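Before any comments, here is the structure.
The values are calculated or read from the model by the stated rules, or taken from the named source; none is laboratory data. Quick caveat, the model's predicted, so the values are computed rather than measured. Quick reminder, even Gly has a Cβ in these numbers, built from the backbone with ideal geometry, and neighbours come from all protein chains shown.
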């Protein structure tokens with residue numbers, strides 16, 4: 001009986017560890033390649049991958065986003081990415097699912113590293129959330145701008161953000177999806 005209990009406990013821990021990995025991707029139309037990022041939601045540690053034509057395999061980048069992408073995170077860490085066709089660059093956002101605190105990252109070609117932006121979404125982008133905070137980015141090719149929708153997994157309340165160039169900050173739209181979209 002003790003052996004069965006120990007087996008079930010170890011199997012449970014193993015399955016929980018396996019459920020911590022997430023992935024997302026983007027396509028760089030300039031390079032004509034797909035890029036992937038895989039990360040551990042508990043720690044935020046991530047690795048980016050690219051297709052290595054010389055070796056005919058997926059290779060990991062040597063330089064990645066910082067191992068703790070959202071300092072002081074209380075919940076799980078999530079990532080999303082969009083490719084800015086105007087800039088010809090990918091932008092990552094990492095966030096804490098409990099608070100919604102986020103940090104956006106860009107590739108600094110001069111320093112050869114991923115740097116955080118100085119200006120990010122508000123510290124609490126979805127006031128009053130009762131579930132996990134999720135963020136989805138998208139790039140609108142019509143107006144060549146990026147947008148974020150921040151939503152609560154408990155009910156679906158959301159706020160959409162856009163870059164307000166005049167005020168040099170991310171601003172919330174006045175009109176959003178219904179508080180309970182389903």
> Is one or more of the residues making up segment 89-110 within 24 Å of residue 171 (Cβ to Cβ), without any contact (Cβ under 8 Å) to a residue 24 or more places away in the chain and either outside any strand (DSSP E or B) or in contact with a helix residue (DSSP H, G or I) (Cβ under 6 Å, 6 or more places away or on another chain) (or both)?
Replying inline: no
>> Being modelled with pLDDT of 95 or more and either at positive phi or in contact with a strand residue (DSSP E or B) (Cβ under 7 Å, 6 or more places away or on another chain) (or both): is that true of residue 40 here?
In response: yes
> If you go through segment 164-176 one residue at a time, how many are closer than 18 Å to residue 84 by Cβ and either touching a strand residue (DSSP E or B) at 6+ places or on another chain (Cβ under 6 Å) or modelled with pLDDT of 95 or more (or both)?
Replying inline: 2
> Just checking, how many residues over segment 111-148 are within 22 Å of residue 46 (Cβ to Cβ), outside any strand (DSSP E or B) and either in contact with a helix residue (DSSP H, G or I) (Cβ under 9 Å, 6 or more places away or on another chain) or without any contact (Cβ under 8 Å) to a residue 12 or more places away in the chain (or both)?
Replying inline: 2
